[in-house]
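Trainee: Dumping the structure here so I can ask a few things about it.
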Amino acid sequence: MPARGSGRLPSDRGVISGQLAVVPSDFAPRTLGIAMNSVFFLKLYGLTLPVFLALDLLWLGVVARGFYRTHLGSIISPTVNWAAAVIFYLLYVVGILLFAVLPALEKDSLALAARWGALFGLFTYATYELTNLATIRDWPVRVVVVDTLWGVVLCVAVAVAGFLIGWWLRS
């Protein structure tokens, strides 16, 4: 219920001149304050992106390569669509930074980075995997479980690394 006379919910006050925010007020003002420092954000992004790339490419190209070939071999393309892969990697790291690393830096909490990273990985990877399970014939449940767990582990590792990089950049 809106506060009398204000026309907006008390907890929905935004970042700019009291406008409504898309995210809760305990998240947006401080986090966006850090994010809006574009030099800091670009450095953080530029140093965190290689961490994500190295971990995911190690997983896909070495550790779990046989797993995916065994379970998805009939539908895996023989060539990588590099344009799509690059766009995914560039966007996904922004998501980890915005939803896990920056809030954790604001609170100065490594545990928060890990927790938000885990949730971000769970929600995004589970969305992809469960959508595939619902729409692609014979999508393996084992792939849903393994890939979703990988998404959680990957995002925790990258969020923690991003937090440490951000902490180092601020010092």
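The values are calculated or read from the model by the stated rules, or taken from the named source; none is laboratory data. Owing to the predicted nature of the structure, the values given are computational and were not obtained by experimental measurement. Because the Cβ atoms are built from the backbone with ideal geometry, glycine has one as well, and the counts that use them run over all protein chains shown.
Trainee: Evaluate the range 102-113: report whether one residue or more is assigned to a helix (DSSP H, G or I) and closer than 17 Å to P50 by Cβ.
Mentor: No - not one qualifying residue is present in the range 102-113.
Trainee: So which residues in the range 72-97 are farther than 11 Å from A159 by Cβ, under 22 Å from the mean Cα position of the chain (by Cα) and either outside the structural domain of L122 (by TED's automatic domain parsing) or of a type outside the set (V, I, T) (or both), if there are any at all?
Mentor: Those that are farther than 11 Å from A159 by Cβ, under 22 Å from the mean Cα position of the chain (by Cα) and either outside the structural domain of L122 (by TED's automatic domain parsing) or of a type outside the set (V, I, T) (or both): N81, W82, A83, A84, A85, F88, Y89, L90, L91, Y92.
Trainee: What are the pairs, 6+ residues apart or on separate chains, where a residue within the range 122-150 that is assigned by TED's automatic domain parsing to the domain that holds G95 and within 11 Å of H71 (Cβ to Cβ) has its Cβ under 6 Å from a residue that is crowded, with 16+ Cβ neighbours inside 10 Å and acidic (D, E)?
Mentor: V144/E129; D147/E129
Trainee: Go through (1) surrounded by fewer than 16 Cβ atoms within 10 Å (Cβ to Cβ); (2) on the phi < 0 side of the Ramachandran plot and name the single condition D147 misses.
Mentor: Checking D147 against (1) surrounded by fewer than 16 Cβ atoms within 10 Å (Cβ to Cβ); (2) on the phi < 0 side of the Ramachandran plot, the one that fails is (1).
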